[in-house]
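The values are calculated or read from the model by the stated rules, or taken from the named source; none is laboratory data. All figures in this text were calculated on a predicted structure; none of them were measured in a lab. Because the Cβ atoms are built from the backbone with ideal geometry, glycine has one as well, and the counts that use them run over all protein chains shown. The protein model used for the area step is the full one, side chains on, heavy atoms only, and it has no ligands, DNA or RNA in it. Shrake-Rupley method; radii C 1.70, N 1.55, O 1.52, S 1.80 Å.
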Amino acid sequence: MRQRTLHPIATTFLWLILATTTALAQKIYVDVNGSDSNTGDLKSPVASIHKAAEIAREISAKNAKGPIKILIGKGHYPLARPLGITAGVNDFNNVPVIFKGNAAAKPVFIGGYEIKGFVKISEKLWKVHVPQAAAPGTQFEQLYINGKRSQRAKSPNDGFYHPLAVSEDIIKQGTGRVAEEAVQKIKLAPDIFELLTKTSSEEREGILLKFYHFWDNTFKPFINLNPADCTVSIHGKGMQMWNKITEKSFLEIENAMAFLDEPGEWYLNKKGDLYYFPREGEIINDVKCIAPLTNQFITLKGSTKARLKNISFENIEFRTSNYNLPGGIFDPTQAAYRAGAAIEIDSASNINIKNCRISQTGANAIWFRRACRDSRVSHCYLHDLGAGAVKIGETETRKDDNDLTKNIRVDNNIIRSGGRVLPCAVAVIIFKASENIVTHNEISDFYYTGISVGWVWGYASSPSKGNKILYNHIHNLGQEVLSDMGGIYTLGASEETVISNNVIHDISAHEYGAWGIYCDQGSSFIEIENNLVYKCGSAGFHQHFGKDNVVRNNIFALNGQGELQLTRVEKHRSLLFTNNIVYSEKPEIFLSNWSAADIKADSNAYWTANKVQPKFARQNFSEWQAKSKDLHSKLLNPAFVNAMAGNFRITNLSTAKQIKFKPFDYRSAGVYGDAAWKALAKSAKAE
């Protein structure tokens, strides 16, 4: 039989058809009106990103070069389970895949379910039965009414209680510094104790005592009521000797029907009956009530042998993730480091999250955990967070450098309103990870630290090197709830780490420790330059102890107790302090042991706003200099335009010239981009 051949023109036409078909196959469409039985093309969109990811895997398996674009239409999409991508199981063979929504009208993925059918049982109370929360293990601990995080019923409604006394009985010490098992007895004021006695036995099983002590929280149920001395007891691990619950600690009592006495509060019993005290103006038939369902939106899991690569998420909003206290207990853990995130990433490279919104989380928003590389979070709005916004690296030390997280960039994001479930969380934290860059972020409204770098206490070797913290605007932290915090906080040896061009202000603590830049235990080899730090409750800069840090060309002004603090005196050089402008309302410039430590201070300008003679560790300036301190420094007025109003432009350029201070544009700190983005960063509250 004679074999037919195609004419060259026909052959060319066929290739054009095939090429066009292939190009079309590189785009997968998701729409709220689609169906997962569809093919995913423009005229036949699928309904879920899970199905779109399956189609993308099929395309990538055919040796596609990519990128594969999953284009998501506007609308609200339920997300009952996370989008999980695991290397070697359901990945994309490293073909670039972009999950992309419309920039103007972002699609919204909601990790919760709507509760309908409230019935009015009194002027101040609505009720609905929630079948999904009627079985053990299905109870939720957060709730959102008309887009707002609502408060689980608690007492007091405003402010906090204090324990009258705290004692501890060790049951089993074990080998560690913290007892393996102990009972703490908490003495309460009679009126507070009486409030607990009014609760039912069923309620008492779920009541949570929430303590705020120094930089930590302890959340536990109580195990008994003792009317003889108005005490309750909590059981579990022993208290940390360095951070005990004391009479000064704050206390809230949460989760009982008896506490449901404030608009916006709710209570869920074990039968699944939800009670709600409506806010003014809320209409029972129009209320939108969402309970969280899934702990996570996305999980990306590679391994050191099979790394995930080249996955992006753009123009998408993720809303409402769950977090329940394990066993109703939260033991004190600095920075809430054990808490997970709504988006968790392991052993992956080139993962990009761009122009997304994440809100209403139970815990953290994003965590680049183990062995993540070359990835980015940019132009994202992260707010109304149960814990922090972005976590980088692990707390565990890995022997293989390939397991270390490196080169994660967090740039141009608005990060606010965090710590709503775990107040001790940090907005952005770098654990044992190196060469990461945190730049141009707006960070505010957390109860603890803004940016934390390093996770080694003391002078042991640390992998947290070469991190850059640049051009961030960090403000309104602490809010007199916790203590011992910094706008920027560091730990351990940090070679080649730079903290530069940040603006930090309005940090306030409950008991002590509201610092602008806080170099804690063993912080060493850090370059701190061109930062503006003002109106922090304690001091603009504090070094607990460390080695060979460089503090150069900064402005420290109008800080609460003094401008500069150093705690531990050591034999080695603690820091170099040069070319800085220090401007104080109070006479005391230096706090603690600044004068006794090995510090090279030179070519700085000091001035007091009220013309009172400044004190340098209880000495006047001449006495200070006579001890070979600050020999080329001067008492000079920088003549700021209006320091009290936050305008630190220097009008007396002679001051800068005499100490070789190089003026920097502190207005460059914070987000960049269009006017709407900048306006959102400056707005007083989250949208």
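Please verify whether the stretch 409-420 includes one or more residues that are surrounded by fewer than 24 Cβ atoms within 10 Å (Cβ to Cβ) and farther than 27 Å from S668 by Cα.
Scanning the stretch 409-420 turns up at least one residue that is surrounded by fewer than 24 Cβ atoms within 10 Å (Cβ to Cβ) and farther than 27 Å from S668 by Cα.
Any idea how many residues of the stretch 585-629 are over 21 Å from T655 (Cα atoms), open to solvent by less than 50 Å² (accessible area, probe 1.4 Å) and not in a loop (DSSP other than H, G, I, E, B)?
Looking only at that region, the number is 3.
From Y144, Y113, grab the single residue that is among the aromatic types (F, W, Y), open to solvent by less than 10 Å² (accessible area, probe 1.4 Å) and either farther than 30 Å from E314 by Cα or outside any helix (DSSP H, G or I) (or both).
Y144
Looking only at the stretch 163-184, how many residues end up being closer than 19 Å to T246 by Cα and either open to solvent by 80 Å² or more (accessible area, probe 1.4 Å) or among the small types (G, A, S) (or both)?
8
Looking at S37, S44, which is the one that is more than 29 Å from the chain's Cα centre (by Cα), open to solvent by less than 50 Å² (accessible area, probe 1.4 Å) and at pLDDT 95 or above?
From the options S37, S44, the qualifying one is S44.
For V582, state whether it is out of contact with any Ser or Thr (no Cβ under 8 Å at 6 or more places or on another chain), assigned to a strand (DSSP E or B) and either more than 21 Å from Q658 (Cβ to Cβ) or at pLDDT 90 or above (or both).
yes
Could you grab me the full set of residues in the stretch 504-523 that are outside any loop (DSSP other than H, G, I, E, B) and either surrounded by 24 or more Cβ atoms within 10 Å (Cβ to Cβ) or out of contact with any strand residue (DSSP E or B) (no Cβ under 8 Å at 6 or more places or on another chain) (or both)?
I504, I507, A514, W515, G516, I517, Y518, C519, S523, listed by residue number.
Table: residues versus (1) among the small types (G, A, S); (2) open to solvent by less than 20 Å² (accessible area, probe 1.4 Å); (3) under 15 Å from the mean Cα position of the chain (by Cα).
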site	(1), (2), (3)
N295	no, no, no
R307	no, no, no
N315	no, yes, no
F318	no, yes, no
I329	no, no, no
A342	yes, yes, yes
I345	no, yes, no
N350	no, no, no
H379	no, no, no
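When you scan the stretch 126-139, do you find a residue that is touching a strand residue (DSSP E or B) at 6+ places or on another chain (Cβ under 9 Å), within 30 Å of A676 (Cβ to Cβ), touching a residue at least 40 places away in the same chain (Cβ under 8 Å) and open to solvent by less than 50 Å² (accessible area, probe 1.4 Å), even just one?
Looking through the stretch 126-139, none of the residues is touching a strand residue (DSSP E or B) at 6+ places or on another chain (Cβ under 9 Å), within 30 Å of A676 (Cβ to Cβ), touching a residue at least 40 places away in the same chain (Cβ under 8 Å) and open to solvent by less than 50 Å² (accessible area, probe 1.4 Å).
Just name the residue that is farthest from R319 (Cα to Cα) out of those in the stretch 381-405 that are open to solvent by 40 Å² or more (accessible area, probe 1.4 Å) and among the basic types (K, R).
K399
Among the strands (runs of 3 or more DSSP E) contained in the stretch 367-484, which hold 2 or more residues that are over 20 Å from A339 (Cα atoms)?
Counting at least 2 such residues, we get 373-378, 405-411, 437-439, 442-446, 468-470, 473-477.
Could you pull out the residue among Q132, Q151 that is of a type in the set (S, T, N, Q), at pLDDT 95 or above and closer than 20 Å to I329 by Cα?
Just one listed residue meets the conditions, Q151.
Just the residues that are open to solvent by 90 Å² or more (accessible area, probe 1.4 Å) and out of contact with any strand residue (DSSP E or B) (no Cβ under 9 Å at 6 or more places or on another chain), please, taken from the stretch 645-671.
L653, K657, K662
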